[in-house]
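Comments concern the structure below.
Taken together, the values in this text are just the output of simple stated rules run on the coordinates, not laboratory data. All values derive from a computational prediction rather than experimental measurement. Cβ: placed from backbone, ideal geometry, glycine included. Neighbour counts: every protein chain shown.
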Amino acid sequence: MDVLFAKYLFRRILSAVLLIVLVITINFFIIHLAPGDPATIMTGLENPSPQIIEALKRKYNLDKPLLVQYFKYMTNLLKGDLGFSYVYDQPSWKLIGPRVFPTLSITVTASVLAFTLGTYLAVLASRLRKKFGDLIFSLISYVLYAMPSFWLGLILILVFASKLRWFPTSGMFDMRASYEGFRKVLDYLHHLFLPVFTLLLIQLPVFYRVTRASIVQNLREDYVTVLSAVGLPNDKLFKKYVMKNSIIPAVTIFGITLGFSITGAALIEIVFAWPGMGRLLLDAVFRRDYQLLLSIYFLMAVFISVAMIVTDIVIAVLDPRVRLL
Amino acid sequence: MRFRTDFAKRYLSSRYGLAGLIMFLTMLIMALFAPVIAPYKPTDISHDMLSPPSKVHPFGTDHLGRDVFSRVVHGARVSLTVGFVAAGLSALIGIVIGALSGYIGGVFDEVISKIIDSFLMFPVFFLILIIVAVFGRNLVYIMLVIGLTTWPSNARIMRAQTMSIKEKAFVKIARANGESPTRIIFTHIIPNGMYPVVANSAMQIGGAILTEAALSFLGLGDPSVVSWGKMINDARSYMSFAWWSIVFPGIFTVITVVTFSFIGDGLQQALYPKLSEVRNE
Amino acid sequence: MKNIVLDVQDLSVHYRINKKVIRAVEDVSFKVEEGDFVGIVGESGSGKSTLAHTIIRLLPTNAMVVSGRIELLGYDVLSLGEEDMRKIRWKEFSMVFQKSLNALSPVHKVGNQLADAMKAHNPNLTEEEIIDRLKQLLRMVNLPERVLKAYPHQLSGGMMQRIMIALALLNHPKFIIFDEATTALDVVTQGQIIEEIKSLVKSLSLTGLVISHDLGVVSELCDEIVVMYAGRLVEHGTTEQILQQPLHPYTQGLVRSLPDFAQEKKKLSGIPGNLPDLSQPVHQCVFAPRCPIATEECFKTVPSTEEIDGRRVACLKVGARI
């Protein structure tokens, strides 16, 4: 089994690396196909100084063919050089670094909660077996699934921050209070609630629907007939056998949703003025800071790949069949 | 023919399918007859700014005194156009690439499959964002870009369909008769295998509408059209004292996307009718 | 005179599908004596599986027993409450299911599932006792102990089928039903398993039923054979009688097609045509439309089951032929 598992893991890591390469390749070429002088575009400045242009040309072989530039860019990345933002006049990493934690804190929290709550509600709905309850749950899931995340965030701000004043409208900390220690943590959680809640509501239907469908399908499987005939109590049959089988699809999509939740998070960070990577990304788009953009994309691709590899390991532990794939 | 009437019957017998169809037709009428239905021009400004819903302005007015109801009705045109064009393009590309990949097989198929898998894992919204930022904020670009980045899920479905259809007798006969691969793909495989892609496309229409709304919300939408996302963005600063300006465009976005989810589910159910769980032996 | 272990009387079972009523089993009666095995043969849709599932009360929810009585090991099966049924099913009697892709949970170890099944009826056993008994059980069905640690997908078809047999023997039942227990196997494995079943049945002195579409399998394992067609019993006799002198034209067709009948579900080579529509009430012999010797009266009268020479047959033409 260990050899099989190692092989499986190796294949998953290989495809993750492939994903990263593909993503930065596509982004690289899109940016370099943009109309205009590549050196000027890359600086993101209206009137870059001749020295910067000269430095850029040397660093990225800009006067050489596109492919040579591409390889130069890749070697720089391999050396750990994420790039340099000429707009901010700082290395990309200096700008991105402090924003990694805020973004991860809302995406990971929301995804984990959505997974837990979504699968739990699906189990609940299938145990209730009341047609009416099932219909209500499924209608709610349709509506949440269709909701633009940014709009939901704004409506929640409107209701819970502006009108009810239960939560702050924006930011990660109360700037006027400058709390320390435990109070600071509480303040942070207070600010965290609404963005996480928004993202949670957006992701909930995905886990709910996948698990719900999976339970329905599993209840029809032969093993349920067999084990029930054998005399296994229904409760044990459901909790031990049906649940473990039914949860696997939800785990599978967890990795993917975590990736997609970064998209949702970017919009929500903007709505809540949350100082994460999404905010920086949008600023980079507007300022045409392509160096910074490429760096953010690279990091996001790495993050998504790591999330997926972790998911793959969890699935392999849960489902012995996948190790053979 | 028999297949089609059965299909229609099954579709209409699905609760969601029927509801989706009715909602869609309502939406379509709203978009087609927008100038007749809307009491004002969507761009008409007035001195009646940020006034709450009333008989004159059923959904109130925005910060420039524009009638929110009229703007919402016109916004349907943009959303439906974006949805259909983007999802249509995505279906077209997906069907052709998926069919080719599945039919040709070999290394070509492996490369295409890897690309499809990677695309499906990476959130394409960022890609769309960067392309729109680089190439400009034009509705045509936006539709093209959404279509060009969302085809992989269709390609995956079509590829699986192709693999199973190409083993069927009628395809083997066509091959034995010396029909060219192009002909086989376009006259046998695609017409017989595209239905699941159509169901997926219905869902993608909703996705495209949400993407356009998000782009407009970020200020990357086409500045020359009235879209729900842009209305939401415009209303942000005034929402705490003019809820109507932000609530209505959002609600219409939700209803529209739900409509296409319903249609997609109805199509799915019509395509794969649940086998009745009966041991009848 | 031997004890009667199973007594099925005038059993009718219907399904409700999309507002239609499917008459899956109609007026079936037969008995099984202690130590005997009776085979139930018929093609898909003949009602043989429904019959078997009715006997151990594992019918889907849309099925209803319209009439009849089943007495199994002294229990009035059809009037037992669900809870009482759960207590005796798998203790007193059990079923060998056809092995399938998901006959056991794919993500739990085989040993774990067998242990859970054993605990269901023996809550007081310790873990060691359970493992001991499972190992003993595996020896009986010729499986190595290591399968306990395996996942279902790691086992071959033959091994899975042996697991299903072991599962049925878990609590030393007195009565056992083999439901297509060799159908999904290749010919060689099928042969092996049939031999193993034969010796198991003898050493454990079991009584039971063998459900199969394959007359060959049934005739190897059984003392008596019941032939079903479209939910009705058409012939019942000893294996010898059925094989050597079939009376009903349908049975004759089955016997004629024996050699090439062994592997797959095929249409009967000797009998053209399909099963009748089971949702319509029938006022004729159900087999008449496919019968080579049917005459006008066969399309007018429902044949009753007549006893001839200690065997039973439902055919208007039988008297004329003997």
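Over the C-alpha trace of chain C, radius of gyration and Dmax come out as 20.3, 68 angstrom. When only Cα pairs below 8 angstrom with a gap of at least 6 residues are kept, chain A shows a relative contact order of 30 percent. Under 12 Å from the Cβ of A:Ala122, count the other residues' Cβ atoms, weight Lys and Arg +1, Asp and Glu -1, and hand me the total. Value of the local net charge: +2. The mean of 1/r over all pairs of different alpha-carbon atoms in region C:82-154, once inverted, gives a Kirkwood hydrodynamic radius of 13.4 Å.
The base-10 log of I(q)/I(0) for region B:183-281, evaluated at q = 0.21 Å⁻¹, reads -1.01 [Debye formula, identical scatterers on Cα atoms, solvent excluded]. Converting phi to 3J(HN,Hα) with the Karplus coefficients 6.51, -1.76 and 1.60 and the offset θ = phi - 60°, region A:81-97 yields 8, 6, x, 9, 8, 6, 5, 8, 6, 8, x, 3, 4, 4, 7, 7, x Hz in sequence order, with x at every glycine or proline.
Mean residue ellipticity at 222 nm, helices only, chain B: -23000 deg cm²/dmol; runs of at least 4 DSSP H residues each add -39,500 (n - 2.57), and the sum is divided by the number of residues.
Against the main long axis of the alpha-carbon atoms of chain C, helix C:157-169 sits at an angle near 90°. For C:Val96, the amide hydrogen comes within under 5 Å of the amide hydrogens of C:Ile177, C:Phe178, C:Asp179, counting only partners 5 or more places away or on other chains and with H modelled in the peptide plane. Volume per residue of the convex hull around the Cα atoms, evaluated for region A:253-325, comes out as 90 Å³. Each Cα pair under 8 Å and six or more residues apart adds its separation to the average, and for chain C the resulting relative contact order is 21 percent.
By the beta-carbon count within 10 Å of each Cβ, the least crowded to most crowded order of C:Ser304, C:Ser49, C:Ser29, B:Ser227, fewest first, is C:Ser304, C:Ser29, C:Ser49, B:Ser227. Each of the trypsin sites (Lys or Arg not before Pro) that DSSP puts in a loop and that has at most 12 other Cβ atoms within 10 Å breaks chain C; the longest unbroken stretch is C:20-264.
Per residue, chain A reaches -25000 deg cm²/dmol at 222 nm when only DSSP H runs of four or more residues are counted, each adding -39500 (n - 2.57). Site-free segments of chain A were taken between GluC sites (Glu not before Pro) in DSSP loops having at most 11 other Cβ atoms within 10 Å, sites themselves excluded; the longest one is A:181-325. Annotation note: chymotrypsin sites (Phe, Trp or Tyr not before Pro) in region B:1-106 located in DSSP loop regions with a Cβ neighbour count of at most 11 within 10 Å are B:Phe33. The 3J(HN,Hα) values that the Karplus relation (6.51, -1.76, 1.60; θ = phi - 60°) gives for region A:276-288 are, in residue order, x, 5, x, 4, 4, 4, 5, 4, 5, 4, 5, 8, 6 Hz. Gly and Pro appear as x.
Under 5 Å between amide hydrogens, built in the peptide plane, is the criterion, and for C:Tyr229 it picks out C:Val234 among residues at least 5 positions away or on other chains.
Helical runs (DSSP H, four residues minimum) scored at -39500 (n - 2.57) apiece and divided by the length of chain C put the mean residue ellipticity at 222 nm at -8500 deg cm²/dmol. Please give the Cα centre distance for region C:98-134 versus region C:142-168, rounded to the nearest Å. So the two Cα centres are separated by 11 Å. Taking amide H as placed 1.01 Å from N in the peptide plane, the amide H of B:Thr61 sits under 5 Å from that of B:Leu50, B:Ser51, B:Val68, each at least 5 places away or on another chain.
Relative to the longest principal axis of the C-alpha atoms of chain B, give the angle of the C-alpha long axis of helix B:125-135, reported between 0 and 90° and rounded to the nearest 10°. Its long axis makes an angle of about 70 degrees.
Based on Cα contacts under 8 Å between residues 6+ apart, region B:214-269 shows a relative contact order of 25 percent. Grab the other residues whose beta carbon is less than 14 angstrom from that of C:Asn142, score K and R as +1, D and E as -1, and report the net. Local net charge: +2.
Computed from phi, the 3J(HN,Hα) profile of region B:112-118 under the Karplus parametrisation 6.51, -1.76, 1.60 (θ = phi - 60°) reads 4, 4, 4, 4, 4, 4, 5 Hz, with x in place of Gly and Pro. Shape class of chain A from the alpha-carbon gyration tensor: oblate, with a/c at 1.5 or above and b/c at least as large as a/b. Along the axis of the charge dipole computed for the protein assembly as shown (Cβ charges of +1 for Lys and Arg, -1 for Asp and Glu, origin at the Cα centre), the listed residues A:Val285, C:Gln241, A:Leu121 are led at the positive end by A:Val285. Footprinting exposure proxy ranking of C:Cys222, C:Cys298, fewest other C-beta atoms within 10 angstrom first, gives C:Cys298, C:Cys222. In a reduced charge model with +1 at each Lys and Arg Cβ and -1 at each Asp and Glu Cβ, region A:100-279 shows a dipole moment near 460 debye about its Cα centre.
Among the trypsin sites (Lys or Arg not before Pro) found in region A:86-129, those both in a DSSP coil and sparsely packed, with 15 or fewer other Cβ atoms within 10 Å of their Cβ, are A:Arg129. Of the Cα atoms belonging to the protein assembly as shown, the radius of gyration and Dmax stand at 34.3, 113 Å.
The order of B:Met194, B:Met49, going from fewest to most other C-beta atoms within 10 Å of their C-beta, is B:Met49, B:Met194. In plain terms, chain A is cut at each of the chymotrypsin sites (Phe, Trp or Tyr not before Pro) found in a DSSP loop with at most 16 other Cβ atoms within 10 Å, and the longest leftover piece is A:1-165.
Take the alpha carbon atoms of region B:3-62, find their center, do the same for region B:198-225, and report the distance between the two centers in whole angstrom. What the calculation gives is 17 Å, centre to centre. Taking the Kirkwood radius as Rh and the Cα radius of gyration as Rg, region A:100-279 has a ratio of Rg/Rh equal to 1.08.
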